[in-house]
Amino acid sequence: MSRNHSIAILAGDGIGPEVMKQAVKVLDVACARFGFTVEREHCLVGGAAIDAVGCPLPQDTVQVCEKADAILFGSVGGPKWENLPPDEQPERGALLPIRKHFGLFANLRPGVCLPALKHASPVKNELIPNGFDVLCVRELTGGIYFGQPKGRHEENGDIVAIDTMVYKKSEIERICRIAFTAAMARDKRLVSVDKANVLQNSILWRETCIEVSKDFPEVELSHLYVDNAAMQLIKQPASFDVLVTGNLFGDILSDEMAMISGSLGMLPSASLGEQNDNGLYFGMYEPSGGSAPDIAGQGIANPIAQILSLSMLLRYSLGENEAADAIEAAVNAAIDSGLRTGDLYTGADGETKVSTDEMGDAIVTALQV
Ligand code: NAI
Ligand code: MG
């Protein structure tokens, strides 16, 4: 398999370009240490693209992404563009069209709280003695957000609103495969979350998940109703490894997991399409948070979510797993040495407050050894 890769870099707005600069530094070192190359093309997106060429997702940007192996995305949006019509706004006008154009149906959001940061988690620390490390696999292009019919009408003098939950077996099967594959690379435990006591969609979901499990006999599969899953995540967070669920439940549970993790600035995400013949995926990788206009331009944003998004890109789209592991280890080393950007800093003994650049440099140094 070729180790000469290419990616599109879409830094976007707010803290996007600041944290992207750190991820690119890390990528340079990873290439040198592990002996592969990554050609990069920087493209306009979001508010920056609106200002430059008048639309949030220029055709040039889409074309560059089409030729690349993956997209590394920063974040888009900010107060400057808030009054534009919804479809012309940075987020709606760029993120959703990219997901749709590239068929990115699988959203992977790791909820990770490193042991050294567990005091930042709102759950009781004795429940997460070794931190928290759960991967949420959410179906992203189907379910109730997209099903037809959808809309509202008047009926007998009342107003009726309709959303329809639709899942095809093929859609469930492909997302379950991604979740089982991810579980194989982790602790081999998968919880499928549904509402099979009430919803037809969920009955099909559960049946299909069980069918797919036959191809992954090493993975221990269990099922939870979504209401119980929401409780268990708080009650016994450390018991989870990988979760797989539909679009609506995944939207809610992934935010719950982000809260358990404590800091948005630490959490990456991946949105993947179909697996190719090499077992890899085209994907878009971005921090779970947004453009953080409140701290943009000050050099204090936490670059770790962006750097871990790069690590996911290396793993899922380029197959550079060793480099991906090494970047995660370098992030852990920087945190273990007490370095904290403002969002993580508590003033406790052994903590040193650092800038975006300094955190990036520390991760680069840890990766070089
Ligand atoms: P946000 O995630 O940008 O900020 C929420 C809070 O988390 C803020 O206090 C921010 O300072 C903090 N935060 C986020 N990332 C951080 C980091 N790396 N380091 C330190 N602190 C960090 O969400 P908010 O405020 O709701 O939205 C701000 C803008 O971002 C809006 O224009 C929104 O539309 C856009 N947005 C874009 C997303 C994307 O590009 N995928 C996703 C979510 C929001
Ligand atoms: Mg959400």
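Mind telling me which of the residues L253, L243 ends up being surrounded by 14 or more Cβ atoms within 10 Å (Cβ to Cβ) and part of a strand (DSSP E or B)?
Exactly one residue qualifies, and that residue is L243.
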**Fill in**
Checked segment 261-276 for anything surrounded by fewer than 22 Cβ atoms within 10 Å (Cβ to Cβ) and within 16 Å of ligand 2 (Cβ to nearest atom); matches are L264
**Fill in**
Residue set I172, I178, I203; condition touching a Cys at 6+ places or on another chain (Cβ under 9 Å), away from ligand 1 (no atom under 16 Å from the Cβ) and in a helix (DSSP H, G or I); output residue I172
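Those residues that are aliphatic (A, V, I, L, M) and part of a strand (DSSP E or B), I need them from segment 256-281; list them, please.
A270, L272
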**Fill in**
Sole miss for G290 among (1) over 18 Å from A106 (Cβ atoms); (2) touching a helix residue (DSSP H, G or I) at 6+ places or on another chain (Cβ under 6 Å); (3) not hydroxyl-bearing (S, T, Y) is condition (2)
**Message:** For the condition of a type in the set (G, A, S), modelled with pLDDT of 95 or more and more than 16 Å from ligand 1 (Cβ to nearest atom), what is the one hit in A324, A292?
**Reply:** A324
**Prompt:** Do the conditions hold for A270, that is, is it within 21 Å of the chain's Cα centre (by Cα) and outside the structural domain of V166 (by TED's automatic domain parsing)?
**Reply:** yes
**Item:** Residues being part of a loop (DSSP other than H, G, I, E, B), in contact with a helix residue (DSSP H, G or I) (Cβ under 8 Å, 6 or more places away or on another chain) and surrounded by fewer than 24 Cβ atoms within 10 Å (Cβ to Cβ) - total across segment 4-52
**Value:** 3
**Prompt:** Based on what the data block shows, is F73 of a type in the set (A, V, I, L, M, F, W, C), surrounded by 15 or more Cβ atoms within 10 Å (Cβ to Cβ), modelled with pLDDT of 95 or more and under 16 Å from G290 (Cα atoms)?
**Reply:** yes
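Among H42, H5, which is the only one that is touching a residue at least 12 places away in the same chain (Cβ under 8 Å) and within 30 Å of A183 (Cβ to Cβ)?
Answer to the selection: H5.
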**Message:** Here are the criteria: (1) more than 25 Å from L72 (Cα to Cα); (2) surrounded by 20 or more Cβ atoms within 10 Å (Cβ to Cβ); (3) not hydroxyl-bearing (S, T, Y); (4) not assigned by TED's automatic domain parsing to the domain that holds V244. Tell me which single one P115 does not satisfy.
**Reply:** (2)
**Prompt:** So how many residues does segment 268-289 have that are under 30 Å from K124 (Cβ atoms) and either more than 9 Å from ligand 1 (Cβ to nearest atom) or of a type in the set (V, I, T) (or both)?
**Reply:** 2
**Request:** Test E82 against the criterion of being more than 13 Å from V242 (Cβ to Cβ) and not assigned by TED's automatic domain parsing to the domain that holds A292, and give yes or no.
**Result:** no
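The values are calculated or read from the model by the stated rules, or taken from the named source; none is laboratory data. Note that the structure is a prediction, hence the values are computed from the model and not measured. Please note: Cβ atoms are built from the backbone with ideal geometry, for glycine as well, and neighbour counts cover all protein chains shown.
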